[in-house]
Amino acid sequence: LISGSDLDPDPETRLTMKHSRSERVRATHPKLFTYVLVGFIALLGLTCLYYGSSFAPGSRKSDEFDGSSRASAGFASNRDGESRVEVPRSIPICDSKHSDLIPCLDRDLHHQLKLRLNLTLMEHYEHHCPPPERRFNCLVPPPAGYKIPIKWPGSRDEVWKANIPHTHLAQEKSDQNWMVVNGDKINFPGGGTHFHYGADKYIVSLAQMLKFPGDKLNNGGSIRNVLDVGCGVASFGAYLLSHDIIAMSLAPNDVHQNQIQFALERGIPSTLGVLGTKRLPYPSRSFELAHCSRCRIDWLQRDGILLLELDRLLRPGGYFVYSSPEAYAHDPENRKIGTAMHDLFRRMCWRVVAKRDQSVIWGKPISNSCYLKRGPGVQPPLCPSGDDPDVTWNVSMKACITPYSVRMHKERWSGLVPWPRRLTAPPPRLEEIGVTPEQFREDTETWRHRVMEYWKLLKPMVQKNSIRNVMDMSSNLGGFAAALNDKDVWVMNVIPVQSQPRMKIIYDRGLIGATHDWCEAFDTYPRTFDLIHAWNTFTETEARGCSIEDLLIEMDRILRPEGFVIIRDTTENISYIKKYLTLLKWDKWFTETTPKGDSLSAAKDERVLIARKKLWSVAAISEL
């Protein structure tokens, strides 16, 4: 008889018996054991790959660095005949602390990567993008309580506090009428550091100083493009709009961290940027007037290199309005700085056009005559003939004067006609990019028809004044923006870096924009634009070896909730992008159509996709 204890050996005996059986299996079937082991490892790997796609789009892997998902590699692309990666099941949401994320102006990343940036030269405010393995790989959430922005023109004077919950500027600038917290809103009285009593009165005073007819600063349309450096919350630019003047309001993401975010929330043309070590992303001779009102810039540093950057950007005969203590104060320190600036301007061949109270206006020469009369060795020197003043992307500033070409010699305002005729008149610099006046006119007309078709598709979904801030990701000659001139919108015209010579045409039409590389994030705040237009942008970006998926996530970052995207590209790209609409939460409404063929249709299979982004919150997503 066999007792129960004999049938049920003790644990130690069971372990020994198990090991003995395993040894016999391995000894008898060594190949079988190897096959099973390899199969198990393969199955485990496939399982990890499948479920990993839920946490990182495409081929990206994620880690938990700094509490948020970052990519360890870029998305796989479709170049060189490679097949695209499988569309992921989901895209993660960034941590709420990153609701204001600007990837290439992330100072936390500067510290983590131990970048050696010169703080005195403002390098820490310049464009420094994360390497592929450190990119955020998630959708940036809106702040708690976010509301659809107030419509223009009301937004000029008030915004929702919940959308930009940063009120330190209101307290810091309380005596200067920058902004006032009023319940659940923030109001903008129109004041500034220098013009406490309103930008509108200040603008009139500048026109009077220049003796322009009717106290109109636009001077009959000859003053159209203005660069406002150190712009604060851009009230100067806001009040210029009623004068048919458009300003590129520029400020860094500095101690007044959210000043440009307030400007954009107000619907005012503005962008993040700094006069540091790199050229600003605008071509030469882009602005009729530059403005600095207590902008806190040391114009004398490095042999006047920052003033020489303004010189590059101003058109022949352009003005520099300087409202700062150095221009009027009589204490020894400010008088010393003012005298040194006057000496530098004299050597640059600038002259004082007008001076009153606390402002001085300098004028740039319209010809090379003064430069040629300077004595030998006078500083700053003229730039060498090989220097191209229109190449700006990631190019260092140069401490030299850009002389005029033979064609522009003695041509005030670069020979441009007044605004608004300037918008549709072929500019003289067309020949520099190999475009004829006839081709320019055809491009303008083609975009007029295209935009009409877009608006027919959008009309059922768009409420009056619900679209204000617009971006055109591949602007070419600016035809898309020109076609929107009858709408109460402003357009950030972006010229991809591979086409940067065309940016000069944007400014010569009286429009504004910037050169950019779409393989990187754009330097603006999340939730900036109501409408983003992308014509062949995905085809061009992918051709450069960059990722469609990365570009979609970047577009989502800068697109406002309930904003629209218009994507015009190949059928293949549109079909692929459509698979991401739900993941990106762009599926509140969408439509797709085959557009009419025209002179700009490079691909016969071109399609147009229009989609609308949902308003969502972290709390609502968490409850699902």
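The values are calculated or read from the model by the stated rules, or taken from the named source; none is laboratory data. Since we're looking at a predicted model, the values are computed, not measured. Note: ideal-geometry Cβ built from the backbone for every residue, glycine included; neighbour counts use all protein chains shown. Just so you know, the surface numbers come from the protein's heavy atoms only, side chains and all, with ligands and any DNA or RNA stripped out. Shrake-Rupley method; radii C 1.70, N 1.55, O 1.52, S 1.80 Å.
So here's what we get for this one:
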| item | result |
| --- | --- |
| Accessible area in square angstrom per residue, the stretch 182-263, 1.4 angstrom probe | 31 Å² |
| Partner aspartates and glutamates for LYS161 [C-alpha distance under 17 Å; skip if fewer than 8 residues away on the same chain] | ASP100, GLU172, ASP184, GLU265 |
| Karplus-derived 3J(HN,Hα), 6.51/-1.76/1.60, for each residue of the stretch 348-359, Hz, glycine and proline x | 7, 6, 8, 9, 6, 8, 7, 8, 7, 6, 10, 10 |
| Efficiency of FRET from Cβ geometry, GLN463 and LEU382, R₀ 41 Å, rounded to 0.05 | 0.15 |
| Cα gyration tensor shape for the stretch 439-520, rounded if a/c is under 1.5, else prolate or oblate | prolate |
| Lysines with Cα under 19 Å of LYS604, excluding same-chain neighbours fewer than 8 positions away | LYS596 |
| Environment charge at TYR319 (Cβ cut-off 10 Å; Lys +1, Arg +1, Asp -1, Glu -1) | +1 |
| Accessible area in the full protein assembly, largest first, 1.4 Å probe, for ARG612, ARG429 | ARG612, ARG429 |
| Summed residue charge, Cβ within 14 Å of ILE532's Cβ, Lys/Arg positive, Asp/Glu negative | +1 |
| Accessible area of LEU241 in the full protein assembly, 1.4 Å probe (Å², nearest 10) | 50 Å² |
| Residue-normalised accessible area of the stretch 397-473, given per residue in Å² at a 1.4 Å probe | 51 Å² |
| Cross-link table LYS151/LYS614; LYS151/LYS504; LYS211/LYS336, entries beyond 20 Å C-alpha to C-alpha | LYS151/LYS504; LYS211/LYS336 |
| Accessible area in square angstrom per residue, the stretch 510-624, 1.4 angstrom probe | 34 Å² |
| Accessible-area composition of the stretch 443-535, carbon plus sulfur, in percent [1.4 Å probe] | 50 percent |
| Extension gain (nm, one decimal) between ALA144 and LYS185, 0.36 nm per residue minus Cα-Cα | 13.3 nm |
| Solvent accessible area, Å² - ILE621, 1.4 Å probe, full protein context | 60 Å² |
| Most to least packed among 208-217, 468-477 [average Cβ atoms within 10 Å] | 468-477, 208-217 |
| Cα gyration tensor category, rounded, prolate or oblate, for the stretch 387-427 with a/c compared to 1.5 | oblate |
